[in-house]
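Notes follow the structure.
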Amino acid sequence: MHIIYHCFGGSHSSVTSACIHAGLLKESKVPSAQDLLALPYYDKQVAQDHGYIRFIGHDEYGNSVYITSKHGLGKNYEDIMRSIASIADIPNKDLVFVDTMPYVNWLMVIGGYLSRRLGLVRIGRPIVILGTQISFHKFCHIVKIIKTKYAKDNRQWP
Amino acid sequence: MAIIYMCPTGTHSSLVAANLHIGKIDLTSSVSDILHLPYYGQVNNKPGFFLFIGKDNQERAVYTLGVYHEAEIIKRSALDLLKLFNKERDFFFVDVSKFMPKVSVWCNAFLKKEMYPREKIAVTLKENLKEIYYEVKKYNNYI
């Protein structure tokens with residue numbers, strides 16, 4: 001099963017959620033700034049990278065976890081990708097799309113805009129890290145829901 | 001094999017391009033021919049709406065897809081999605097949204113219904129028919 005986390009720019013909320021899912025971040029404590037900056041693609045993607053589906057890792061049930069960005073498409077992104085999947089004869093149950101935008105707070109929006117769009121990394125990065133730390137438990141929550149709802153279906157019993 | 005034409009609604013410039021591809025209309029078609037194409041101008045404000053238009057002379061399926069104004073993002077994303085299943089070589093994504101009048105896209109997006117007259121869009125598409133033809137000709141030499 002392919003689990004794809006998507007958000008506006010694909011560099012903060014989706015990366016954090018996907019890394020929690022893939023086991024690169026521990027859910028037990030709020031990560032420090034160094035922990036967050038060590039994640040793959042965290043606060044790194046620019047406009048030319050948008051749209052590509054990036055691999056993050058495997059979870060404990062053998063599913064692959066990916067991130068991507070979708071700009072202003074919102075909920076329609078999932079509809080469009082499922083249309084393409086149906087044209088290509090890809091079964092719908094192999095794909096899970098997770099929108100992480102509802103869990104993004106305004107600190108992440110402002111910090112992400114300053115750091116990624118305007119290029120003011122020195123000002124924007126501390127703001128977006130603070131926002132991620134505030135919203136961290138919400139990302140843990142959505143990952144928990146996805147794991148219990150979809151990811152466990154792939155579990156292979158001994 | 002499939003060729004997917006993308007435009008903001010999936011029922012305007014992509015429909016004209018797909019019909020050019022399968023040979024239903026050609027360079028000499030008039031505005032009324034465009035207006036009388038099946039499904040023309042059925043704006044439903046639902047990106048992700050796709051239509052099967054027909055098969056071309058090389059037995060390839062031709063589709064249209066509505067993608068709002070993010071065709072470039074969807075093209076990259078879709079090719080990466082198909083790569084996960086080793087199918088990326090069988091699909092071509094063609095962006096024809098630049099041949100639509102820009103104002104119509106914004107009108108339909110904000111006002112949530114077909115405010116911009118469909119006849120005006122057809123006139124613009126007729127003016128751009130030659131450019132659409134050259135775009136389509138890259139993918140089908142036999143039209």
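Values quoted throughout were computed directly from the atomic coordinates according to the rules given, and no laboratory measurement underlies them. This one's a predicted model, so the numbers in the text were calculated from it and none came from an experiment. Neighbour counts run over all protein chains shown; Cβ positions are idealised from the backbone, glycine included.
Taking K and R as +1 and D and E as -1, what net charge do the other residues with C-beta under 13 Å from the C-beta of residue A:50 add up to?
Charge balance in the 13 Å sphere: +3.
Can you compute the modelled spin-label distance between residue A:61 and residue B:131, with each label point 7 Å from Cα toward Cβ, in nm?
Label-label distance for residue A:61 and residue B:131, simple model: 4.9 nm.
If I model a spin label as a point 7 Å beyond the Cα along the Cα-Cβ vector, how far apart are those points for residue B:36 and residue A:118 in nm?
Placing both labels 7 Å along Cα→Cβ, they lie 5.7 nm apart.
Compute the length gained on full extension between residue B:87 and residue B:29: take 0.36 nm times their separation in residues and subtract their Cα-Cα distance, giving the result in nm to one decimal.
Going from the current span to full extension adds 17.3 nm.
Testing the spin-label approximation: label points 7 Å from Cα along Cα→Cβ at residue B:120 and residue A:141. State their distance in nm.
Each label point is offset 7 Å from its Cα along the Cβ direction, giving 4.6 nm.
Run the helix sum for chain B: -39,500 (n - 2.57) per DSSP H stretch of 4+ residues, divided by residue count, reported at 222 nm to the nearest 500 deg cm²/dmol.
Counting only the DSSP helices, I get -12000 deg cm²/dmol.
Could you list A:134, B:22, B:132 in order of exposure, starting from the residue whose Cβ has the fewest other Cβ atoms within 10 Å?
A:134, B:22, B:132
On a 0 to 90° scale, report how tilted helix A:76-87 is relative to the longest principal axis of chain A, with both axes built from alpha carbons and the result rounded to the nearest 10.
That helix lies at roughly 30 degrees to the long axis.
Under 10 Å, Cα contacts only: if you run a Gaussian network model on chain A, which one of A:87, A:146, A:127 comes out with the highest mean-square fluctuation?
For chain A, modelled as a Gaussian network with Cα springs under 10 Å, the answer is A:87.
Using a 10 angstrom cutoff on alpha carbons, build the Gaussian network for chain A and name the most mobile of A:17, A:28, A:64.
A:28
Shape verdict for chain B, please, from the Cα gyration tensor: rounded (a/c under 1.5), prolate (a/b greater than b/c) or oblate.
oblate
Once the Cβ-Cβ distance between residue A:46 and residue B:59 is put in as r, and R0 is 41 Å, what FRET efficiency do you end up with, to the nearest 0.05?
Result of the calculation: an efficiency of 0.50.
Over segment A:51-158, what is the relative contact order in whole percent, taking alpha-carbon pairs under 8 Å and six or more residues apart?
It rounds to 22 percent for segment A:51-158.
Roughly how far apart, in whole Å, are the Cα centres of segment A:54-125 and segment A:1-47?
Value for the Cα centre distance between the two parts: 10 Å.
Return the sequence-ordered ³J(HN,Hα) values of segment B:26-31 in whole Hz as given by the Karplus equation 6.51 cos²θ - 1.76 cosθ + 1.60 applied to θ = phi - 60°, using x for Gly and Pro.
Karplus-based 3J(HN,Hα) across segment B:26-31 equals 9, 5, 8, 5, 9, 5 Hz.
Can you give the log10 of the normalised intensity I(q)/I(0) at q = 0.09, 0.13, 0.16 Å⁻¹, computed with Debye over equal Cα scatterers of the protein assembly as shown?
-0.51, -0.92, -1.18
Long-range amide H contacts for residue B:140: which residues qualify at under 5 Å (H placed 1.01 Å from N, peptide plane, sequence gap of 5 or more or a different chain)?
Those lying under 5 Å, H to H, from residue B:140: there are none.
Per DSSP H run of n ≥ 4, the term is -39500 (n - 2.57); total these for chain A, divide by its residue number, and report the mean residue ellipticity at 222 nm rounded to 500 deg cm²/dmol.
-12500 deg cm²/dmol
Gaussian network model of chain B, Cα springs within a sub-10 Å range: biggest mean-square fluctuation belongs to which of B:12, B:21, B:36?
Highest fluctuation among the options: B:36.
Under a 5 Å amide H to amide H cut-off, with H placed in plane at 1.01 Å, what residues pair with residue B:67 once short-range neighbours are removed?
B:7, B:9, B:10, B:48
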